[in-house]
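Shown next, in structure tokens, is the structure this report addresses.
All of the numbers you see were taken from the coordinates with simple rules; none came from a lab. Quick caveat: nothing in here was measured; it's all calculated off a predicted structure. When we count neighbours, we look across all protein chains shown, and the Cβ atoms used for this are built from the backbone with ideal geometry, even at glycine.
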Amino acid sequence: MKVRIVSKKTARPKRAGKDSVSWKNYELVAQYVLERIGERFGLAEVQGKQLVVGRRTGTEWEIDAKGVRDGDGAIILIECRRHGNRLSQEAVAAVAFRIIDTGAEGGIIVSPLPLQKGAAKVAAATGIKHVQLRPESTREFWIAEIEKVVHIEKTETAKIAVRDAFEIILRDADGNVVDRRHG
């Protein structure tokens, strides 16, 4: 039997293959989505993966992202769980303990499926918000559901040609042309 030793900086064992890329990408997309809709949770900013030290246990917790609340700068832990099954109450309780241990003011769990019934109860009791982000989401096209509200963003790329000529028109408060320049 082989034992894999994981460094303190990497809480998850390294995985090989397509699955490794997909969960990493899901975390990055989740962070991007929360940056885009963070004000819904009162977030001023969303920071990437980092280590946070527990105040009670003194252990290091690797979190997938960290939200900083607008106004008071309080910390909101963000955890992504791209599993094939709905999250259990034990999984949500583990996040709740991280919130307590680190002194964070709340948490957000991002997953592709709804929470199990018990998990939803734990989330509600501990102030953890759930974002259901489709597993195939990308930065260019994502769909997220939060408390029965669906958020969708699609980015299109268009090719445009820039001319070598331009015109600047300066108008006064009444709309009269004061200056016109061509370049």
Pairs of lysine in the stretch 42-183 with Cα under 18 Å and at least 8 positions apart or on different chains: total? 7
Gln116: net charge of surrounding residues, Cβ under 11 Å, Lys/Arg +1, Asp/Glu -1, itself excluded? +2
Under a point spin-label approximation (7 Å from Cα along Cα-to-Cβ), what is the Glu39-Asp70 distance to one decimal in nm? 0.5 nm
What percent do you get for the relative contact order of the stretch 67-183 when only Cα pairs under 8 Å and 6+ apart count? 17 percent
Distance (nanometres) between label positions extended 7 Å along Cα→Cβ at Leu113 and Ser22: 1.3 nm
Could you list the chymotrypsin sites (Phe, Trp or Tyr not before Pro) in the stretch 101-179 that lie in coil according to DSSP, counting only those with at most 15 other Cβ atoms within 10 Å of their Cβ? Phe166
Could you go through the stretch 137-143 in sequence order and give the Karplus-derived ³J(HN,Hα) for each residue, using 6.51 cos²θ - 1.76 cosθ + 1.60 with θ = phi - 60°, rounded to whole Hz, and x for Gly and Pro? 4, 10, 5, 7, 8, 9, 10
For Arg139, the residues 5 or more places away or on another chain with a placed amide H closer than 5 Å to its own amide H are none
The stretch 107-140: trypsin sites (Lys or Arg not before Pro) in DSSP coil with no more than 14 other Cβ atoms inside 10 Å: Arg139
Along principal axes, largest first, the alpha-carbon spread of the stretch 18-156 in whole Å comes out as 46, 33, 31
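Which trypsin sites (Lys or Arg not before Pro) from the stretch 39-105 combine a DSSP loop assignment with at most 13 other Cβ atoms within 10 Å? Please report the intermediate quantities before stating the final value.
Numbers: sites: Arg40, Lys49, Arg55, Arg56, Lys66, Arg69, Arg81, Arg82, Arg86, Arg98; in loops: Lys49, Arg55, Arg56, Arg81, Arg82, Arg86.
Counting only loop positions with at most 13 other Cβ atoms within 10 Å, the trypsin sites (Lys or Arg not before Pro) in the stretch 39-105 are Arg55, Arg56.
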